[in-house]
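The block underneath contains the structure these notes are about, expressed in structure tokens.
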Amino acid sequence: MLTLYDAPRCPYCARTRIVLAEKSVPYETVTIDLSDRPDWLIERNPPHGRVPVLDEDGGVLPESAVINEYLEERYPEPALLPADAAARAAARLMVFRFDDLGAPYYALRREEPGAEERLDRALLAFDRILTAVPFLTGAEFGLADVAYLPWLLRLRDLMGFPLDGHDALERWVATCSERPAVAAEIETVASLVA
Ligand SMILES: N[C@@H](CCC(=O)N[C@@H](CS)C(=O)NCC(=O)O)C(=O)O
């Protein structure tokens, strides 16, 4: 049995929630209070007790990108990476470069000067990519899209940061939002503001 140590507001956890839902994998959830992490979590994922952690019969796996690759191998259908090796590498490169969005996003959260402009430039870069291809994973939705969507949903729905003006990016968010796994995450984000 799989158990996810999870927190609704955590976008890294959202990556794994989306993949589990896409693949219809049954799992249990242990919700972690991020402001009061239990000692057992710190012991299982030292030194900070970060989430997400996937627990499979007592064996623990941290790091959302690694968890998602594991789930992709363990539950190959439906595939969330392209069949072609070069396209798979391109999708993995996109996940690897998450800081292109993560760095300005967290700078904005920390209210650093110039963060909005940095974020706008990052969104413009994603908009350009999505003008050329329908998904960050390539021709089909997959792990690279999952790697970024949780932050964009939080930017738009929690932080009130406008995505408009980035037409391809907005179209991509809208297309991805039609997927039940992403729609469920949008509901989770809405529950954080309610
Ligand atoms: N690289 C990790 C980052 C996970 C992460 O930073 N999770 C946050 C919650 S959203 C956390 O637990 N932070 C606690 C800390 O960094 O001390 C991943 O991809 O899973």
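Rule-based calculations on the coordinates, nothing more; no lab input. No experiment lies behind these values; they were computed from the predicted model shown. A quick note on method: Cβ atoms are made from the backbone with ideal geometry, for glycine too, and the neighbour counts reach across all protein chains shown.
With the checklist (1) in contact (Cβ under 8 Å) with a residue 12 or more places away in the chain; (2) crowded, with 16+ Cβ neighbours inside 10 Å; (3) among the small types (Gly, Ala, Ser) in hand, flag the one item Ala115 doesn't pass.
The single condition Ala115 does not satisfy is (1).
Would the stretch 121-133 turn up any residue that is touching a residue at least 60 places away in the same chain (Cβ under 8 Å) and not small (Gly, Ala, Ser)?
Among the residues of the stretch 121-133, not one is touching a residue at least 60 places away in the same chain (Cβ under 8 Å) and not small (Gly, Ala, Ser), which makes the answer no.
Quick one: in the stretch 97-109, of everything that is without any contact (Cβ under 8 Å) to a residue 24 or more places away in the chain and under 19 Å from Gly142 (Cα atoms), which residue is farthest from the ligand (Cβ to nearest atom)?
Filtering the stretch 97-109 for residues that are without any contact (Cβ under 8 Å) to a residue 24 or more places away in the chain and under 19 Å from Gly142 (Cα atoms), the one farthest from the ligand (Cβ to nearest atom) comes out as Arg97.
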